[in-house]
Amino acid sequence: MKKTDVIIIGGGPAGIEAAYDLARNDVQVFLFEKEDELFGHMNIAATLFPNFQDASEIRSLLLQKTKHNNIKIFKNTGVAKVHKDDKDWHVQTEKGEEYTAKAVLLASGFKTFDAKYKEELGYGIYKGVITSVEFEEMYKEGKILTPYEKKPQRIAFLNCVGSRDEKVGNHYCSRVCCINAVKLSIEAKKLLPDVEAYCFYMDIRMSGQFYEELYRKSQEDYNVNYIRGRISEVSPTIDNRLQIKCEDTLSQTPLKMSVDLLVLMIGIEASEGTSMIAKQVGINGEYSFAKSLSLHSADNKTKNEGFFLAGTCKRPLTMPETMADARAAALEIGYYLKGVPE
Amino acid sequence: MSFHPFVIPFTAGAAILFAVIVYKVYKWTTSLDRKQKFIVKQNIFTIKTIRAISEVFREALIHRNIYRKNPVLGYMHMSLAFGWFLLIVFGKVKASLYAGTFFEPPWLAIFFNFFAVEKHTFLFSTQLTFIMDFLLLIVLSGLALAFIKRMKSSLLGMKKTTRHSSFDRIALTSLWLIFPLRLLAESTTDALHSNGGFLTGSIGQLIPTSAASFMELPLWWAYSLSLFFFFVALPYSRYMHIPIEVVLIFLRNWGATAGEHHSGYTDIQINSCSRCGICIDSCQLNFAAQLGNVQSVYFIRDTRYNTLSDEVVNNCLMCGRCSNECPVGLELTLVRQQYRNKEEIPGKFYYEYTKSIENQENIDVIYYAGCMTHLTPSIIHSMKKIFASAQVSYWFMDEDKGVCCGRPMRQQGFVQQAKNLVIKNSRMINSSKAKLLVTSCPICYKSFKEEYNLNIPVMHHTEYIEKLINSKKIKLKPTNITAVYHDPCELGRGTGIYEQPRNILKNFSLLVSDNERENSLCCGGSLSNAILDLRLQLKIRDHALDELTKERPDVLVTACPLCKKSFVHGNKAAVMDIAEIVAKNIVTNKKVSEKVYSNELYGVLINE
Amino acid sequence: MKDLGFSISKSRTIDLDKADLSVYQKIIDKVPSAKLCLMCGACTATCSARNHTDFNFRKIHLLFRRGQFDGLADELDKCMLCGKCRLVCNRGVNTRAIVYNMRIILDNLNYKRIK
């Protein structure tokens, strides 16, 4: 059976949450996920900010939701083409199969900035320079180690890598890196109480509930140090550590120190799938994200009838915002399918 | 009787022109700087003079350079220049044969047909009459093309043509009138006396004698007057290039070059610009950034008329593309540099604060990475790996407290400050025991070669790597990735290093790009242009990147850290420096020294 | 005690009522991207001159903005115009052009083009 009510592209938190809300309302859903596993970038997380919610609990909740009868999951199925004829939407997968639905929900998520473009920070050159994603994976395994398999004495976190950066074309702020840096530094201290943690920032943006409290906690309970200055060069030292140079803008003096690990807080960019499909249906917006019909009044609809958006395919969002957005999208799609007028 | 009042304008104009030119050329040649005068005097009585004469013939008359660019354009310039030159020569021959003496009045040759109305019987008279008419026809055809070019330049292969000043317009109008008026004047005289050739004769037959007798004198007056206006306007217009280009060709063949400071030779170059506009089409600020008022032709024009603005002087990438294309061979980059120079304050020293590091170890090579290379550290690590593989002992001179080579300072015109930097670095280099200086940055390389006085040779790392490969100190694995090589401005046009990088890349599948070697495109990241708007800089970069990656190579290879940074941010293709691609593919069968190479170079930059 | 650079800013309040803010306007006219600086310090961190001496471009830019010009001309002489700052700036500020124009505004005699 290749026909259904709604096709959801992307099996991350947004896609699954929307699928479940639709399924509960007697809507038939096909969910396409191009990877082997569901949950997208949520697979990386060990804990979720700001309250260190165990990510695996949320994942199992979501997994339960996917088992609803009205949802059919297709893993390893990427979407190649989306187009509409008079009435219905047609989705062609990478394997060449065609599916039809009355409505399509794009929940294809984001990708992270490739830190090799900031060569002066040494990613891809020095083993001690890692991304926030790699650090979180280390934490999940319970082993934060230097490249030489020793316990690190100092870890530095650098905010705004690939975001707010004219040079790589991403002028926007990725929203989640600041709070994520606070979270990661606390995680580092939890695992290695003796390690020194330094966060290098241009601004500290604590824009959600309990974020500021977490920032305060990191200073008060975990002795995380915050330095306002942007690291612009990383070089190796004789004893196989990394030397970072920045300006401590608040004391207006140059600052350098040796660290064992430098964690780059990489930003959020539109995923390949998002930019490809958005372009196909004519809704690609700034920085290749998908553009909704109206930010304030119709953020899940697009200018194409029956094509909806949810989650980080539109812009950088936190997890709670993504889930809420997915539920809103499900509601909109529900109205559309029933023909409820505006 | 070979005089009539109407010859006065011509004669007066010619005399004035002659005087002005002699005066100016005298003034300029005497204000050559000492070095130029010395080298010129050395070469005057050598074969170079013969070469100069040959070049005058080839370029100033036949315009071979322009022919190569576009045959129709070349014909246009040639017909006007060479045609007019031959008209004068043959006219003089004809007049001398007629008058029987070499010293006939100068206006006789010009207004010959008016004065020599009886049937000619001197030697070669028929042939000369034919030749004169034929040459007139050639010149007129060139004029027609010039007219078309002004109306629709694309028909002559030029996308944009120069906008002219008012002096130029006076000179242009009078020039364009000279030959049609000559044609009409000679034809009218032929209508009365039948002394014309095949062209003037045929037109003469169409003119009724009544109109002719009434039109004859006014036409000859008009012809003489148009010559007068042209001669008088010439020294202040673009046509000054006609006499001055000849002077330039001689001086250049005798070894003169623009040098660091303004001199008479600069004035000669500025006045040799014919405003042909070929530099506009080659300028990336024009075709990639749509900035059309700062090109070299306008810079030179503004300098001549003393209306030079800071914007025009400073808004130039100094990439050298225009000098490369200039048919007159003007040293446009050097001349523009001279106009950026700031005054020097005697007795003031800068950069006293820089710390000098001395190194007295017995090392083979000094490695000077360059300021920019520190922002592309993978180049540094590649070079370290290469040094280690070749077992070369080296001193990384600017590893920690590097002093800038001084060229970016120089390019903004801060000559005195740049010299201080040069002194600092020279001291460190000359006092060491190394035998060779290797640098990774083409800007530093050009600086070391031209502005420093070192007691050891200097190489760019492409030259050095090639040397290592040739002397079998390092060996490369064969691979089959496709690469496109981008010639950096300062390395290619700047110092002539084209072959060495290509020899290294023979190991890989090297694709040929359209714009390469002397025609390579600037990446847009030039340090010479401090005021270009960032968005326009990115446009230039994007255009260059599109051109280079047209064939979808696996990797874009360059030899300059600035180019690498520019292109990487363009996000179109994997970009690697030559040092990186070599280091990645080195065959290491020896254990690489731990001290030198402690961090393993990983990080795949191309998809294999 | 380390010299924290107080030589170029006297320890007094910055009175924006009295300071001459129009001079900075001249910089903005020539280099519009100067408005975008958020004082993150990346430029100073990578500066070539900073390796040798206390030259702090960010601070100079900030003081210029606030109309405090004492001692800036001599400080600006320390810049080698190498351009690394411009390459690392997140906001795309043309830092080299700012140094160039500051020099010309502050010290007309020293940096006049030879006529």
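The values are calculated or read from the model by the stated rules, or taken from the named source; none is laboratory data. For clarity, every value in this text was computed on a predicted model and none was experimentally measured. FYI the Cβ positions are ideal-geometry reconstructions off the backbone, even for glycines, and counts take in every protein chain you see. Protein only, heavy atoms only, side chains kept; ligands, DNA and RNA dropped before computing areas. Shrake-Rupley method; radii C 1.70, N 1.55, O 1.52, S 1.80 Å.
Can you pull out the residues in region B:193-211 that are surrounded by 15 or more Cβ atoms within 10 Å (Cβ to Cβ) and either modelled with pLDDT of 85 or more or aliphatic (A, V, I, L, M) (or both)?
B:LEU199, B:ILE203, B:ILE207
Filtering region B:298-329 to residues that are in a loop (DSSP other than H, G, I, E, B), in contact with a Cys (Cβ under 6 Å, 6 or more places away or on another chain) and among the aliphatic types (A, V, I, L, M) leaves only B:LEU317.
Looking at region A:206-222 only, could you name the residues that are closer than 20 Å to A:THR47 by Cα and open to solvent by 40 Å² or more (accessible area, probe 1.4 Å)?
A:SER207, A:GLN209, A:PHE210, A:GLU212, A:GLU213, A:ARG216, A:LYS217, A:GLN219, A:ASP221, A:TYR222
Tallying residues that are in a helix (DSSP H, G or I) and closer than 19 Å to B:ARG238 by Cα within region B:152-169 yields 5. Cβ separations smaller than 8 Å between residues 6+ apart or across chains give no pair from region B:52-74 residues that are over 15 Å from B:GLY329 (Cα atoms) to residues that are exposed (fewer than 14 other Cβ atoms within 10 Å of the Cβ) and modelled with pLDDT of 85 or more. Across region C:59-103, the qualifying residues are those that are acidic (Asp, Glu) and more than 7 Å from every other protein chain (Cβ to nearest Cβ), and the one among them that is least open to solvent (accessible area, probe 1.4 Å) is C:GLU75.
Would you check if A:LYS116 is within 27 Å of A:GLU137 (Cα to Cα), free of Cβ contacts under 8 Å to residues at least 40 places away in the same chain and basic (Lys, Arg)? Answer is yes for this residue.
Within region A:161-184, the set of residues being in contact with a helix residue (DSSP H, G or I) (Cβ under 7 Å, 6 or more places away or on another chain), open to solvent by less than 10 Å² (accessible area, probe 1.4 Å) and hydrophobic (A, V, I, L, M, F, W, C) comprises A:VAL161, A:ILE179, A:VAL182, A:LEU184.
Going through region A:225-244 one residue at a time, which ones are outside any loop (DSSP other than H, G, I, E, B), facing chain C (nearest Cβ under 8 Å) and within 25 Å of A:PRO193 (Cα to Cα)? Within region A:225-244, A:ARG228 is the sole residue that qualifies. A single entry from A:TYR215, A:TYR222 fulfils the requirement of being more than 14 Å from chain C (Cβ to nearest Cβ) and not in a loop (DSSP other than H, G, I, E, B): A:TYR215. Condition test on A:LEU121, is it within 22 Å of the chain's Cα centre (by Cα), touching a residue at least 24 places away in the same chain (Cβ under 8 Å), open to solvent by less than 40 Å² (accessible area, probe 1.4 Å) and outside the structural domain of A:LEU184 (by TED's automatic domain parsing)? Spelling it out, it is not the case that A:LEU121 is within 22 Å of the chain's Cα centre (by Cα), touching a residue at least 24 places away in the same chain (Cβ under 8 Å), open to solvent by less than 40 Å² (accessible area, probe 1.4 Å) and outside the structural domain of A:LEU184 (by TED's automatic domain parsing).
The residue that is farthest from A:GLY124 (Cα to Cα), among those in region A:256-267 that are among the β-branched types (Val, Ile, Thr) and open to solvent by less than 10 Å² (accessible area, probe 1.4 Å), is A:VAL259.
Annotation note: Cβ proximity below 8 Å between a residue of region C:37-58 that is at the interface with chain A (Cβ under 8 Å from one of its Cβ atoms) and over 16 Å from C:LEU87 (Cβ atoms) and a residue that is of a type in the set (S, T, N, Q) and assigned to a helix (DSSP H, G or I) (sequence gap 6+ or interchain) occurs for C:ASN56/C:THR44.
Within region B:343-356, residues that are touching a residue at least 24 places away in the same chain (Cβ under 8 Å) sit with their Cβ atoms under 7 Å from residues that are open to solvent by 60 Å² or more (accessible area, probe 1.4 Å), at 6+ positions apart or across chains, in these pairs: B:LYS355/B:LYS401; B:SER356/B:ARG427. Residues being assigned to a loop (DSSP other than H, G, I, E, B), modelled with pLDDT under 95 and surrounded by fewer than 16 Cβ atoms within 10 Å (Cβ to Cβ) are represented in region A:283-291 by at least one member.
In region A:234-255, the residue that is nearest to C:CYS43 (Cα to Cα) out of those that are open to solvent by less than 30 Å² (accessible area, probe 1.4 Å) and of a type in the set (Val, Ile, Thr) is A:THR249.
Candidates in region B:438-450 are the residues that are more than 15 Å from B:VAL403 (Cα to Cα) and in contact (Cβ under 8 Å) with a residue 24 or more places away in the chain; of these, the one that is surrounded by the most Cβ atoms within 10 Å (Cβ to Cβ) is B:PRO442.
Please verify whether A:ALA329 is at pLDDT 95 or above and in contact with a Phe, Trp or Tyr (Cβ under 8 Å, 6 or more places away or on another chain), treating the condition exactly as stated. Here the answer is yes, as A:ALA329 does meet what is asked.
Taken together, the criteria exclude B:SER141 from residues that are part of a helix (DSSP H, G or I), over 25 Å from B:TYR67 (Cβ atoms) and small (Gly, Ala, Ser). Residues satisfying the criterion are absent from region A:298-311 (criterion: touching a Cys at 6+ places or on another chain (Cβ under 7 Å), modelled with pLDDT under 95 and either within 14 Å of chain C (Cβ to nearest Cβ) or crowded, with 19+ Cβ neighbours inside 10 Å (or both)).
You will find that of A:ASN25, A:ASN76, A:ASN69, A:ASN43, the residue that is out of contact with any Ser or Thr (no Cβ under 8 Å at 6 or more places or on another chain), under 17 Å from A:ALA328 (Cα atoms) and among the polar types (S, T, N, Q) is A:ASN25 and no other. Considering B:THR558, B:THR549, the condition of being more than 14 Å from chain C (Cβ to nearest Cβ) and out of contact with any Leu (no Cβ under 8 Å at 6 or more places or on another chain) is satisfied by B:THR558 alone. For the residues A:VAL263, A:VAL259, the requirement of being more than 14 Å from chain C (Cβ to nearest Cβ) and modelled with pLDDT of 95 or more singles out A:VAL263.
Pick from B:THR495, B:THR482, B:THR462: which is under 30 Å from B:GLN412 (Cα atoms), in contact with a Pro (Cβ under 8 Å, 6 or more places away or on another chain) and open to solvent by 20 Å² or more (accessible area, probe 1.4 Å)?
None of the others qualify; the one that does is B:THR495.
Out of B:GLY402, B:GLY370, I need the residue that is without any contact (Cβ under 8 Å) to a residue 60 or more places away in the chain and within 10 Å of chain C (Cβ to nearest Cβ). Which one? When all the criteria are applied, what remains is B:GLY402. For region B:424-435, a tally of residues being out of contact with any Gly (no Cβ under 9 Å at 6 or more places or on another chain) and either open to solvent by 20 Å² or more (accessible area, probe 1.4 Å) or within 14 Å of another protein chain (Cβ to nearest Cβ) (or both) returns 6.
Taking the criterion of being surrounded by fewer than 24 Cβ atoms within 10 Å (Cβ to Cβ), more than 9 Å from every other protein chain (Cβ to nearest Cβ), of a type in the set (Lys, Arg) and within 19 Å of B:PRO561 (Cα to Cα), would at least one residue in region B:385-392 satisfy it? There is at least one residue in region B:385-392 that is surrounded by fewer than 24 Cβ atoms within 10 Å (Cβ to Cβ), more than 9 Å from every other protein chain (Cβ to nearest Cβ), of a type in the set (Lys, Arg) and within 19 Å of B:PRO561 (Cα to Cα). Determine whether region A:266-282 contains at least one residue that is within 18 Å of the chain's Cα centre (by Cα), in a loop (DSSP other than H, G, I, E, B) and within 14 Å of chain C (Cβ to nearest Cβ). Yes - at least one qualifying residue is present in region A:266-282.
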